[in-house]
Structure formats: structure tokens, C-alpha cells
1. Any chance you could count how many residues in the range 113-160 are in contact (Cβ under 8 Å) with a residue 24 or more places away in the chain, over 21 Å from Gly304 (Cα atoms) and in a helix (DSSP H, G or I)?
2. Could you list, in sequence order, the residues of the range 172-191 that are surrounded by 16 or more Cβ atoms within 10 Å (Cβ to Cβ) and out of contact with any Cys (no Cβ under 9 Å at 6 or more places or on another chain)?
3. Please work out if Asp306 is closer than 18 Å to Arg143 by Cα, surrounded by 20 or more Cβ atoms within 10 Å (Cβ to Cβ) and not aromatic (Phe, Trp, Tyr).
4. Is there a residue being outside any strand (DSSP E or B) and at pLDDT 95 or above anywhere in the range 60-71?
5. Can you pull out every residue in the range 190-218 that is in contact with a Pro (Cβ under 6 Å, 6 or more places away or on another chain) and over 21 Å from Arg143 (Cβ atoms)?
6. Between residues in the range 227-244 that are within 21 Å of Ala260 (Cβ to Cβ) and residues that are basic (Lys, Arg) and modelled with pLDDT of 95 or more, which pairs lie under 6 Å by C-beta distance while being six or more apart or on different chains?
7. In the range 44-58, which residues are among the β-branched types (Val, Ile, Thr) and either more than 29 Å from Glu221 (Cα to Cα) or surrounded by fewer than 18 Cβ atoms within 10 Å (Cβ to Cβ) (or both)?
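The values are calculated or read from the model by the stated rules, or taken from the named source; none is laboratory data. No experiment lies behind these values; they were computed from the predicted model shown. Glycine gets a Cβ as well: all are built from the backbone with ideal geometry, and neighbour counts include every protein chain shown.
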Amino acid sequence: MSQDNFAIRYQPSCDMPAIQARARMYSQIRQFFAEREVLEVETPILSQAGVTDVHLASIQAQRHMGGRKHLHYLQTSPEFAMKRLLASGSGAIYQICKVFRDDEHGRKHNSEFTMLEWYRPHFSLKALMLEVTDLLNLTLGQRFGQVRPTILSYKHAFMDRLELNPLQASLKQLKECCIRVGLDLDLGDDRLGYIDLLFSHIVEPSLGFDCPVFLTDFPPEMASLAKVKLDEDGEEVAARFELYIEGLELANAYDELSDAHILRQRFEADNREREKLALTVMPVDEYLLAALAAMPECAGIALGIDRLLMVATKKMKLEQVLTFPADIS
């Protein structure tokens with residue numbers, strides 16, 4: 001790259017009002033949790049264990065400890081460490097931190113981004129939704145006035161847009177639906193892949209335009225670190241929700257699983273799938289599994305601050321609220 005190009009690109013990708021808006025939002029968030037006596041905490045960014053989720057890629061880092069080289073991972077979320085604090089008696093906690101996901105770049109993505117994550121012992125998901133609504137009214141009130149989110153199940157969002165129940169649909173029905181809406185991709189026998197394809201291209205872009213949407217009751221295969229329950233129709237679903245505003249996913253919440261045996265099985269299943277896909281098999285976080293027996297029942301949520309800023313400032317691209325995104329950092 002020429003010297004002239006370097007001169008052009010030393011400036012931030014966002015403007016000064018966006019930088020000032022971020023500072024105000026951090027102040028609002030900290031005041032919000034201080035008033036609710038939720039403790040701000042800080043945990044390490046590097047860990048010897050990484051996330052096993054097949055759809056997330058951890059960034060690796062090498063460091064020396066006692067003169068020996070160790071392969072560690074930049075956190076995709078502070079979840080594991082924060083749950084160890086919960087198990088140690090911290091009570092309600094939150095954190096504003098940097099998280100990292102490899103090869104995630106685009107209009108809504110950057111491989112380094114800022115996350116607000118918090119955990120509420122003895123909260124239900126409905127209680128957590130009420131708290132999220134209060135936070136939205138604080139941070140987005142200047143743009144929207146009073147925010148009143150609606151609750152919609154994953155199943156009914158699919159049925160509204162595609163007339164298809166994703167919890168019951170066969171592989172054949174999912175493939176036929178994809179062809180009908182112009183998504184003629186061959187994903188083999190990956191039933192969940194077809195569901196995700198339909199969701200990301202048809203369902204998700206329609207969510208949260210009249211008002212914010214809490215999307216609930218995901219397919220049980222998408223439980224991740226959430227509990228599984230029965231919905232009103234007796235169908236098995238993941239006890240979690242996501243928040244959408246103007247087609248943009250802002251947050252992901254779980255009724256947190258505290259059964260170490262079940263979670264180990266999920267981690268091991270993830271790694272088997274990783275092996276099949278020729279992805280890196282990730283070390284399991286034994287500290288987290290050891291802590292779960294002492295962790296209180298709780299609801300937890302991760303909210304993307306950069307995306308929240310996009311909504312608050314009416315920006316269309318993530319780089320418009322970041323100082324230096326990955327391509328110029």
C-alpha cells in the first residue's frame with residue numbers, strides 16, 4: 001500500500017458524534033445497573049478453553065507461561081468465566097467487554113466487537129425481558145420514545161412467513177420450501193442448515209420493524225447453553241430468546257443450563273460435528289463444568305453494544321459506529 005493510502009486510512013471509520021454517542025451509552029448502562037445493584041465485573045479475554053459451537057470460530061493466540069508456550073483462545077463471550085463468578089457467590093453481575101470471532105466481517109459484523117453481558121440469579125426469561133425493555137427505553141428513548149416489544153415464538157415467526165412449522169418439518173419439506181422462495185442450495189442432509197437458511201434469508205429480515213421483537217422458543221437443537229422445555233403445544237424447544245429491531249439481532253438470552261452432565265454431552269457432540277466438518281476440535285472448559293453444580297438458577301443475556309449503537313444513531317453499517325474496524329486496525 002502506498003504512503004498516500006496510509007494517509008487516507010489513518011482516520012476512524014465513524015464520525016465524532018458516533019464516538020460521543022458510545023461514551024454516553026456506556027455511562028447510561030453503568031448507571032442503569034448501579035441503580036439495580038448489579039455488580040460490574042471483569043474477566044480475562046484469553047482462555048485455555050474455547051467455544052465448541054460449530055458456527056463460531058475462536059481466534060487463537062500463543063503465550064508463554066513459565067517459559068512454556070501455550071495455545072489459548074480469545075473469548076467469543078465472557079460467559080464461561082462469568083458463570084464461575086456466579087458459582088462463587090457473586091450475585092447479579094454484568095460486564096462490558098471486547099469479544100472476538102474469527103472471519104466475521106461485513107455490514108453487521110466485525111471480528112472484534114463490544115458485548116454487554118449480564119446474569120440475573122433467580123430471574124425468569126420474562127423478568128429478563130422486562131429488564132431489557134427498561135434498558136432499551138433508556139438507550140433508545142431519544143429515537144423511539146417508549147419502547148414496547150412484542151413476544152413471538154420461533155415457530156410462529158416461521159409459520160407467519162413460510163406457513164411451515166420448523167419443529168416438525170421434514171428434510172423434504174424444508175428443501176421444497178427453500179426452492180419455493182428462491183434459495184436453491186444443496187445442503188445435503190443438514191436439516192438444521194436448511195432451517196437456518198430459511199430463517200436468515202426470509203424470517204429474520206422481517207422482524208422488529210413495527211416494534212422490537214423478543215423471539216422465543218427456538219428448536220431444541222439450538223439450545224446451546226440453555227435449558228430445554230415444552231412449549232404450549234407440548235413440543236420440545238430451547239428456553240431462550242433473541243431480541244430483534246429492524247431486522248437486526250441485538251441480543252441472545254438463555255434460561256441457563258446448570259446440569260454439567262448434559263452440557264458436557266453437548267460440548268462433546270459439538271466436537272464430533274467439528275471433526276466431521278474438518279474444523280478444529282476445541283478443548284472443553286473443565287472449570288465451567290466444575291462450577292455448574294454451585295451456580296444458582298439464573299437467566300443471562302449477551303447484547304451487542306455496537307449494533308445497539310447502530311439502531312440508536314440510525315446507522316446502516318457497523319463500521320459507522322466503530323473507530324477502527326478490522327480492515328484498518
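1. Total satisfying the criteria: 3.
2. The first filter runs over the range 172-191 and keeps only residues surrounded by 16 or more Cβ atoms within 10 Å (Cβ to Cβ), leaving 174-175, 177-178, 183, 187, 191.
Answer for the range 172-191, where residues must be surrounded by 16 or more Cβ atoms within 10 Å (Cβ to Cβ) and out of contact with any Cys (no Cβ under 9 Å at 6 or more places or on another chain): Leu174, Lys175, Cys177, Cys178, Arg191.
3. On the way: closer than 18 Å to Arg143 by Cα: yes; surrounded by 20 or more Cβ atoms within 10 Å (Cβ to Cβ): yes; not aromatic (Phe, Trp, Tyr): yes.
When the stated conditions are applied, Asp306 passes them.
4. Residues of the range 60-71 that are outside any strand (DSSP E or B), as a first pass: 66-67.
Those still in the list that are at pLDDT 95 or above too: none.
No, every residue in the range 60-71 fails to be outside any strand (DSSP E or B) and at pLDDT 95 or above.
5. Ile195
6. Ala239/Lys227; Ala239/Lys229
7. Of the residues in the range 44-58, the ones among the β-branched types (Val, Ile, Thr) are 45, 51-52, 54.
Result: Ile45, Val54.
Residues are listed down the side, and each one gets a yes or a no for (1) free of Cβ contacts under 8 Å to residues at least 60 places away in the same chain; (2) within 30 Å of Arg22 (Cα to Cα); (3) in contact with a Leu (Cβ under 7 Å, 6 or more places away or on another chain):
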residue: Ala260; (1), (2), (3): yes, no, yes
residue: Met282; (1), (2), (3): no, no, no
residue: Asp285; (1), (2), (3): no, no, no
residue: Pro296; (1), (2), (3): no, no, yes
residue: Ala299; (1), (2), (3): no, yes, yes
residue: Asp306; (1), (2), (3): no, yes, yes
residue: Leu309; (1), (2), (3): no, yes, no
residue: Thr313; (1), (2), (3): no, yes, no
residue: Val321; (1), (2), (3): no, yes, yes
